[in-house]
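The values are calculated or read from the model by the stated rules, or taken from the named source; none is laboratory data. Please read all numbers here as calculations on a predicted model, not as lab measurements. As a convention, Cβ positions derive from the backbone with ideal geometry for all residues, glycine included, and neighbour counts pool all protein chains shown.
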């Protein structure tokens with residue numbers, strides 16, 4: 001199925017739970033304790049350089065979830081540089097996310113964080129909270145088609161509202177934090 005067809009069919013599985021006009025208000029209420037500003041700075045540096053350094057890579061992994069930092073730390077500096085350089089330089093979305101997922105400790109959600117902060121193209125963060133705010137349950141396992149549908153929907157939402165990808169992400173996360181019923185104990189990451 002072509003990318004154009006996929007963009008037309010799949011986004012219908014998502015529906016914003018709050019009025020689009022409230023996106024900025026929800027984003028302004030964003031209260032995650034992670035340090036977004038330092039990640040935005042390291043992302044800007046990585047875009048200029050074309051790859052991530054190990055300390056930058058681990059900061060992104062830690063921000064998403066501390067549970068995988070040990071696994072993420074097992075990647076060598078060369079593996080991190082090679083994988084991120086390849087991912088950031090290709091125009092193929094399937095390759096971008098797939099290459100990042102080859103790194104130890106990097107799943108769909110962590111790869112989406114790397115792309116969100118570091119790639120030249122806009123990518124949303126794949127997160128259970130964002131999915132809930134779009135009326136979608138977190139699937140038992142992610143697929144490229146699901147991720148691409150999510151990415152396409154969020155890009156369209158950002159484009160149609162004039163908000164940045166970061167603003168959309170913050171709004172979705174915050175709305176869920178204030179309205180989603182609690183998850184089971186032991187599930188405490190940002191995704």
Checklist entry - Just checking, which of 170, 120 is assigned to a helix (DSSP H, G or I) and at negative phi? => result 170
Item to check | Pair list, Cβ under 6 Å, 6 or more apart: segment 174-186 residue at pLDDT 95 or above, other residue in a loop (DSSP other than H, G, I, E, B) and surrounded by fewer than 16 Cβ atoms within 10 Å (Cβ to Cβ) | outcome: 174/29; 175/18
Checklist entry - For residue 111, are the conditions met, namely being without any contact (Cβ under 8 Å) to a residue 60 or more places away in the chain and either outside any helix (DSSP H, G or I) or touching a strand residue (DSSP E or B) at 6+ places or on another chain (Cβ under 8 Å) (or both)? => result no
Checklist entry - Which numbered condition trips up residue 181, out of (1) assigned to a loop (DSSP other than H, G, I, E, B); (2) crowded, with 16+ Cβ neighbours inside 10 Å? => result (2)
Next on the checklist: Just checking: which of the helices (runs of 4 or more DSSP H) contained wholly in segment 11-78 hold 1 or more residues that are more than 19 Å from residue 178 (Cα to Cα), at pLDDT 95 or above and in contact with a helix residue (DSSP H, G or I) (Cβ under 9 Å, 6 or more places away or on another chain)?
Outcome noted: 36-49, 54-64, 69-73
Checklist entry - What is the residue count in segment 125-162 for residues that are in a loop (DSSP other than H, G, I, E, B) and either buried (at least 16 other Cβ atoms within 10 Å of the Cβ) or without any contact (Cβ under 8 Å) to a residue 24 or more places away in the chain (or both)? => result 13
Item to check | Conditions (1) touching a residue at least 24 places away in the same chain (Cβ under 8 Å); (2) surrounded by 14 or more Cβ atoms within 10 Å (Cβ to Cβ): number failed by residue 100 | outcome: (1)
